[in-house]
Amino acid sequence: AQAVLFVPSYFDFVRVRQLLRDEDVPFVGLSEYSEPPDVARARAALQRGELEGLLVYTERAHFFRRHLLKGDAQLAFYGLPSYAHFYPELAQMLCAAPSDQPRGGGAAAGGTCVALFS
């Protein structure tokens, strides 16, 4: 299953990125400093269901770029977002039914969401 880890601060992003590298965990990091081709590859892999490992996404990247992340993925928050409206926004993007299936009453298509720290 695909997983997205939302990290509220860049310092936490650097810490998580280093831990994942040290433990040889496959991941893709999307921050405000990510190059557009890298972002496009990660978003396409997530949408097609081909994402290898974990997608680590920063709050600043979402704040400044508002990347549209589509795909059925498990969403984890490393810390709660500074802006409360980011929480349902990200959950709805990642857990929404695919476009070929009808959406029923706002129900998720099987994605899960959890906050690790608050």
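The values are calculated or read from the model by the stated rules, or taken from the named source; none is laboratory data. Not measured: the values here are computed from a predicted model.
Quick grid of which residues meet (1) charged (D, E, K, R); (2) modelled with pLDDT of 85 or more; (3) over 20 Å from A1 (Cα atoms):
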position	(1), (2), (3)
Q47	no, yes, no
Y57	no, yes, no
Y83	no, yes, yes
Y87	no, yes, yes
M93	no, no, no
| task | Please verify whether the range 9-29 includes one or more residues that are polar (S, T, N, Q), more than 19 Å from G111 (Cα to Cα) and modelled with pLDDT of 95 or more. | result | yes
